[in-house]
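The next block holds one structure in the form of C-alpha cells; read it before the comments.
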Amino acid sequence: MGICLYAPSLALSTVTKLSTWVSMVIMGSICTFYITVGGVKAVVYTDVMQTLLMFIGLIVVIVVCCLDLGGFSNVWAAADEGGRLEFFKLVISFVVMLYVLWLLCFFAGLVAYATYQDCDPITSNRVQKPDQILPYLVMEKLTRLPGMPGVFVAAVYGGVLSSLSSCGNSIACLIWEDFLKDRPYFKKLTDKAATNVVKLISALAGISGIFLGILAGKMGNIIHVTRSVSGSIMGPMQGVFIAGTTMPWVNAKGAVVGFLVSFSYNITVVLGKFIRGGGKPPRLPLSVDGCPENLVNATFASYLTSTSIPNTLVENTSFVETLFDTGGQVDSMQLTTPDPAQTSTGNTVYDISYTLFGASGILITMVVSSIVSLCTKPLAPGEVDERLLSSSSVKIYRLLWQFFKGSKISLPNNQQESEVSLKMISDCSDNKPHPPPNETHLE
C-alpha cells in the first residue's frame with residue numbers, strides 16, 4: 001500500500017508545488033475515508049471510473065506526443081536506434097500481465113525516450129528520479145492543451161487508487177475472517193458491531209499505508225522497489241503452493257519451515273540491496289547534446305575559436321577562463337553527466353537482480369520444504385486427496401515409494417475403513433426383511 005501511495009504523489013509533486021509527503025497525506029486520507037465509509041461498493045464504483053481515467057490519460061499522452069514527433073514511425077525509429085527495443089529477451093517475471101495496459105505504458109516510455117533522446121532530463125538535472133520523467137514530459141509538452149496535465153494526474157491517481165482501495169478493503173476483510181471472527185470476544189458481536197470493527201481495521205490499514213509510502217520514497221526507483229518487495233513476498237508463497245501440488249511427500253512442518261527460510265532470505269537480501277546498493281541494471285547511453293544550454297555553448301565556442309578577439313577584451317575580462325580549460329574545451333558551462341548507475345558485479349548475494357527474487361523464493365521454498373519433510377516424516381501416498389495433486393507427480397511418487405519401501409502401496413486406513421463401512425451398510429440393507437405393506441408397527 002505504501003508503494004501504491006508513493007507513485008501518484010510523486011507525479012503530483014512534479015506537476016504542482018506540493019511536496020511529496022503532503023500529497024501522500026492528502027491522497028491517503030481521501031482513500032482511507034471512502035474505503036472506511038463506503039466499503040466494497042464504493043471500491044467497485046471508484047475502480048471502474050479510475051480505470052477509465054487511467055486508459056484515457058495514457059492514450060492522450062501517447063497520441064499528442066506522437067503527433068509532435070512526426071508520427072508513430074519516428075518514435076519507433078528513435079527507440080530502435082537507441083537500443084530500447086528488445087523482443088527476444090527472457091525476463092523471469094511473476095507479475096500478472098495485463099497486456100493492453102502494459103503495452104500502453106511501454107509505448108509511453110518509448111514516446112518519452114524519443115522526445116528526450118538528445119536531452120536527457122536526469123542527466124541535465126531537470127528531474128531527480130526516473131519516475132518523474134513522464135510527468136515532466138506532460139508539463140513540458142501538453143500544457144498548451146487546457147486540462148491535459150489534470151487528465152494525466154487523474155490517470156495516475158486512478159491507476160493507483162484502484163489498487164490501494166482494493167488492497168485496504170481486502171486487508172480488513174482478511175484480518176476479520178481469518179484472525180478475529182472466531183475469537184470468543186468477537187463471536188458475541190452483532191452484525192453492526194462487526195461492520196464497525198472492519199471499518200476500523202480499514203482505517204488503520206490506510207493510516208499505515210501513508211507512513212509506508214513516506215518510507216518508500218526513500219528507497220529509490222519505484223519499479224525496483226515494487227518488484228523487489230513483491231518478489232520477496234510472493235516468491236515464497238508461490239513456492240508453498242507449487243510444493244503442495246507437485247510434491248506429495250511435503251508435510252505441514254516442511255511447508256512452514258520452507259516458507260520461513262525463503263522469506264527470511266529474500267527480506268535480508270532486499271534490505272541489504274537498499275542499504276548498500278548493487279544489482280541495478282546497467283544504464284543505457286543517454287545524451288544531452290540537444291539541450292538548449294549545450295547548443296548555446298557549442299555555438300559560442302565555435303564563434304570564439306573562429307574569431308579573433310582583441311587583446312584588450314581578453315585582458316579585461318575573465319569570461320573566457322570560465323568557459324575553457326587549458327586544452328581549449330568547453331568545461332564549466334557544459335552540463336556534466338552523472339556517474340553511471342551501479343551495475344551488478346556478481347560478487348555478493350546483494351548483487352542478484354531484483355527480477356530474480358521471485359524465482360529464488362520459489363526454489364528455496366521447494367528445496368527446504370522437501371528436505372525438512374524427508375527428515376521428519378514424509379507423507380505416504382494416499383494420505384492427501386489425490387485430486388488436489390498433480391497426477392504425474394502422484395504416479396512418480398508411488399513408484400519411488402514402492403522402490404524405497406519394497407512393499408505394495410495400499411489405501412490409507414481411513415479410506416479402507418470408509419469402504420468397509422459402506423459395504424456393511426449395503427449388505428445389511430439387502431438382507432433386511434421388508435415389513436408387510438399394511439402392517440403397523442407400534443413403538
- Task: Among the residues of the stretch 17-33, count how many are of a type in the set (Val, Ile, Thr) and without any contact (Cβ under 8 Å) to a residue 12 or more places away in the chain.
- Result: 3
- Given the structure, is residue 51 part of a helix (DSSP H, G or I) and more than 12 Å from residue 153 (Cα to Cα)? yes
- Matching entry among 189, 204 (being outside any helix (DSSP H, G or I) and more than 22 Å from the chain's Cα centre (by Cα)): 189
- Query: Looking at the stretch 155-166, is at least one residue of a type in the set (Ser, Thr, Tyr), part of a loop (DSSP other than H, G, I, E, B) and either modelled with pLDDT under 80 or in contact with a Leu (Cβ under 9 Å, 6 or more places away or on another chain) (or both)?
  - Reply: no
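Residues checked against (1) more than 28 Å from residue 77 (Cα to Cα); (2) under 23 Å from the mean Cα position of the chain (by Cα):
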{"residue": "135", "(1), (2)": "no, yes"}
{"residue": "140", "(1), (2)": "no, no"}
{"residue": "144", "(1), (2)": "no, no"}
{"residue": "154", "(1), (2)": "yes, yes"}
{"residue": "160", "(1), (2)": "yes, yes"}
{"residue": "166", "(1), (2)": "yes, yes"}
- Task: Have a look at 207, 214 and point out the one that is in contact with a Phe, Trp or Tyr (Cβ under 8 Å, 6 or more places away or on another chain), surrounded by fewer than 20 Cβ atoms within 10 Å (Cβ to Cβ) and in contact (Cβ under 8 Å) with a residue 24 or more places away in the chain.
- Result: 214
- Might you check whether a residue that is among the aromatic types (Phe, Trp, Tyr) and at pLDDT 80 or above occurs anywhere in the stretch 384-402? yes
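The values are calculated or read from the model by the stated rules, or taken from the named source; none is laboratory data. Everything numeric in this text was worked out from a predicted model, so none of it was measured. Methodologically, a virtual Cβ is constructed for each residue, glycine included, from the backbone with ideal geometry; neighbour enumeration extends over all protein chains shown.
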